[in-house]
Amino acid sequence: MYNIAILRHGDANYKVQKVETEKTKFDDHEMENFKKFSHNFNDLQEENIHELVSNIHTYIKEHFETLKDKEIVIGTSPLGRTIQTTKILLEELQKSGLKVKSISVIDQLEEVKNFQRSILEAFANGGTCVVNGKQVTVDKEITNPQDLDISHYFLNNGFRKVNPGYLKQLGIYDDMQKIESYDEITERSKNTLYDTLKNIQNHEFIFLVTHQAFSDWIFLKKENYEKGGQKTGEIINFSEDELVSRV
């Protein structure tokens, strides 16, 4: 039996990073306030929002019998693309006659901490990137001697395997240690889901709006990752059976 669903944000522009807000929870009577709040952080690609809406609509239709008897709670990562996705999820639930009990902005659902795709691309493929204001040229033969593609480079903790002396030579050793590794975000994800399962009530259904890296370990367990992880706008159900053990 499942009572948690994980939704990856829709196709994004990746321009709005972490949103700092003093108000992190919106109760059932504050849903319009959440919509106004989210309007400030739009970061989804306008031309592809219809695909996200369609995915959410299909999910609600297929799982309506489960959802209609539950108090729906939403937790969202504090980034623009996830907050806007949460607003769209809220609107589609409301259109279907379903009531949302609360929405919370949760730091533990955020993207890989201190992550920049441009850095990952440079370390996996070679080239120039900017690390904490420092422009560096990266030698792929040193940073990715196994010639892994960009996804598997991250999944194999490629950042952590680079010779420390080389990173110190580039002047970015300390900065690179601040980027969350695959193992670290997997631990964060499992711990967050463990705590959610521990505290969820039978009458509740929880949507977690987050990022691909948050669910990568689930897909690695279930299937050949050559198919890729969770797609943008995709919703997967999560149950206690998925969580073999807490890290």
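The values are calculated or read from the model by the stated rules, or taken from the named source; none is laboratory data. Given the structure is predicted, the values throughout are model-derived calculations rather than measurements. Glycine also receives a Cβ, built like all others from the backbone with ideal geometry; neighbour counts cover every protein chain displayed.
Structure above, values below:
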read-out	value
Total residues in region 67-80, condition out of contact with any strand residue (DSSP E or B) (no Cβ under 7 Å at 6 or more places or on another chain), surrounded by fewer than 20 Cβ atoms within 10 Å (Cβ to Cβ) and more than 13 Å from Lys95 (Cα to Cα)	1
Flag for Asn156 being closer than 21 Å to Ser215 by Cα, under 24 Å from the mean Cα position of the chain (by Cα) and not assigned by TED's automatic domain parsing to the domain that holds Asp11	yes
Options Leu208, Leu193; residue that is under 18 Å from Ser239 (Cβ atoms) and not in a helix (DSSP H, G or I)	Leu208
Tabulated pairs, region 119-135, first under 14 Å from Val162 (Cβ atoms) and in the same structural domain as Leu167 (by TED's automatic domain parsing), second of a type in the set (Gly, Ala, Ser) and outside any loop (DSSP other than H, G, I, E, B), C-beta under 8 angstrom, 6+ apart or interchain	Phe123/Gly158; Ala124/Gly158; Cys129/Ser118; Cys129/Ala122
Scope region 120-170; condition β-branched (Val, Ile, Thr) and farther than 17 Å from Ile185 by Cβ; matching residues	Thr128, Val130, Val131, Val136, Thr137, Val138, Ile142, Thr143, Val162
Every residue from region 29-44 that is more than 17 Å from Ile72 (Cα to Cα) and either surrounded by 15 or more Cβ atoms within 10 Å (Cβ to Cβ) or in contact with a Cys (Cβ under 8 Å, 6 or more places away or on another chain) (or both)	Phe37, Ser38, Phe41, Asn42, Asp43, Leu44
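Condition check ((1) in a helix (DSSP H, G or I); (2) farther than 17 Å from Asp175 by Cα; (3) among the hydrophobic types (A, V, I, L, M, F, W, C)) across all residues:
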| residue | (1), (2), (3) |
| --- | --- |
| Thr82 | yes, yes, no |
| Thr86 | yes, yes, no |
| Leu98 | no, yes, yes |
| Ser118 | yes, no, no |
| Phe123 | yes, no, yes |
| Val130 | no, no, yes |
| Glu141 | yes, yes, no |
| Tyr153 | yes, yes, no |
